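What follows is a single structure, written as structure tokens, with notes after it.
A short reminder: the numbers here are calculations on the coordinates, not readings from a lab. Computed from a predicted structure; not experimentally measured. Cβ placement follows ideal geometry from the backbone for every residue including glycine, while neighbour counts extend to all protein chains displayed.
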Amino acid sequence: MTKRNRIFIGILLIYAAGIAFILYRVVAEIDPRYRESAEESLVETSHLLAGLVEQDVQAGAIDTTRLEPLFKSLYARQFLSQIYSVTKTRVEMRAYVTDRSGRVLFDSLGKSAGADYSQWKDVSYTLRGDYGARTTRDVETDPLSSVMYVGAPIRWNNEIIGVATVGKPVASFGQFVSAARQKTLFVGLVSVLAVLLLAVIVSVWLVRPFGVIADYVRYVRAQRSLNLPRLGRRALGAIGAAYDEMRDALAGRNYVADYVQTLTHEVKSPLSAIRGAAELLQEAGMPQAERQRFLANIMRETGRIQEMVDRMMELTALETRRALDHPLPVAMKPLLEELAGAVQDAAAARSIRIIVDAPEDAAVEGDAFLLRRAVSNLLDNAVDFSPDGGTVVLSLQLKARTVRIQVQDSGPGIPEYAHDKVFEKFYSLARPHSRKKSTGLGLAFVREIASLHDGRIELANAPEGGALATLSLPRAAS
């Protein structure tokens, strides 16, 4: 290994170590920050509870009669709250009230009524006018059973006569801490890998020419005599090799090679079918019905290859575009109605109903031809995968900044194993009614069109059955 490479690897390792240290510090700070946030909300809640108790104080005596039915009703409430990635279904807050001696007058869990809590910090500190809080385990040997408590003074005639304490199990917000740690580590690791990859690419592009020059200088020094023709040939060869490498990189030689390899693999099957049918047709005495069947097979497979090549050319042309040339506002409701009418004949042949649900119209800034092709692909797929007598629903939904076009069929839906592959080039599922596959380029074509329009395409199983394709596009400025 050369000294230059050792220095380069050393710099990368120092960078990785620095990022690892920063990630460690950031992850270590997540839990304290969440605890501080939770404690801040407990302070407000405890003062709310103290204010509620103060309303029932009579002659300096604390009355907690109405707290018991209040908390019973609170714990009995049924709800479903989706807080980002966490689902909450029950109230986990707990509370208790003590008098001026620290004796528990009320406990929302019904376990500690009459107990002496005068030694707990949330009670003792609050009774003497300071801020009182503590974190205590419900089960001494289980760190996950920790509960945060914050106390607030109950006053009567400016005198502290008791404490209202509110508690929150640490485990209730621990799931948020865990999710935040995972996301932070994921983002950090992806950033490190991206920067390392960028550093390698930059090094290859910038450092390698200097290395070529150094190698060439060493070659010149090693020559015993100056031979200008040989030196010129060597220089031209180095320049030619560098030019070829640059041209291949710019032209995307590897990209083209991958395309050719994939297309060759996909064409093998129909070519084998054509060759087999052609060989059988050469046999003498073949019945006319058999001859027609093999000729039809040749025509079908030839059409399949032609369709695959045409789609490949369209997709390749689309992938080379970086932006739309002349985007214009395109009204989506008339476009959807036009496409539904165009596919109606093919659907009617199998008694499939096409329903258009577009209560409002909205415009998308884009290319009408490409948008028509994208929705047409989704409609064709929906009809192909719907059973005879089924229904295809084409709907238009308006959001604040986006237009959502949804195509739902009544077919079997997407198998579990195919969820991550449906947008791959040449990947196709057999149609239920014909057991035949398509070119596998339609959804890749739709994804490229969506990307050109700064939108996205999603394909999933609908809750009521069938597949649901959602094309989301930005709304045009009105």
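Taking the highest mean first, how do the peptides 78-86, 23-31, 139-147, 379-387 order by number of other beta carbon atoms within 10 angstrom per residue? Intermediate values should be presented prior to the final figure.
Details: 78-86: 8.7, 23-31: 13.7, 139-147: 11.2, 379-387: 22.3.
Ranked from most to least packed, the peptides come out as 379-387, 23-31, 139-147, 78-86.
Mind ordering 33-39, 369-375 by average Cβ neighbours within 10 Å, highest first? It would help to have the intermediate numbers written out before the result.
Numbers: 33-39: 13.9, 369-375: 20.0.
Packing proxy ranking, top to bottom: 369-375, 33-39.
If each of ALA16 and GLU360 carries a label point 7 Å out from its Cα toward its Cβ, how far apart are those two points in nm?
The modelled label-to-label distance comes out at 5.3 nm.
Here are some pairs, LYS183/LYS399; LYS72/LYS168; LYS121/LYS168; LYS111/LYS168; LYS333/LYS425; LYS88/LYS183; which of them have Cα atoms lying more than 22 Å apart in this structure? Could you put the intermediate results ahead of the total?
Values: LYS183/LYS399 28 Å; LYS72/LYS168 17 Å; LYS121/LYS168 16 Å; LYS111/LYS168 16 Å; LYS333/LYS425 30 Å; LYS88/LYS183 20 Å.
Too far apart for the 22 Å limit: LYS183/LYS399; LYS333/LYS425.
Beta carbons within 10 angstrom, averaged per residue: use that to sort the peptides 448-456, 189-197, highest first. Display every interim value, and only then the final one.
Details: 448-456: 18.9, 189-197: 12.3.
Descending mean neighbour count gives 448-456, 189-197.
Whole percent per 5 Å bin, from 0 to the bin with the longest distance: what is P(r) over all C-alpha pairs of the stretch 328-474?
Using 5 Å bins, I get a P(r) of 2, 10, 20, 24, 21, 14, 7, 1, 0 for the stretch 328-474.
Between rounded, prolate and oblate, where does the stretch 3-177 land on the alpha carbon gyration tensor, with a ≥ b ≥ c its root eigenvalues, rounded for a/c under 1.5, else prolate if a/b exceeds b/c? Each step should come with its number before you reach the end.
Values: a/c = 3.23, a/b = 2.30, b/c = 1.40.
The shape class here is prolate.
Using amide H atoms built in the peptide plane, which far-off residues or other-chain residues are under 5 Å from ILE161 H to H?
ILE154, ARG155, TRP156
³J(HN,Hα) across the stretch 145-161 via Karplus (A = 6.51, B = -1.76, C = 1.60, θ = phi - 60°), whole Hz, x for Gly/Pro?
8, 5, 10, 8, 10, 9, x, 9, x, 9, 10, 9, 6, 6, 10, 7, 10
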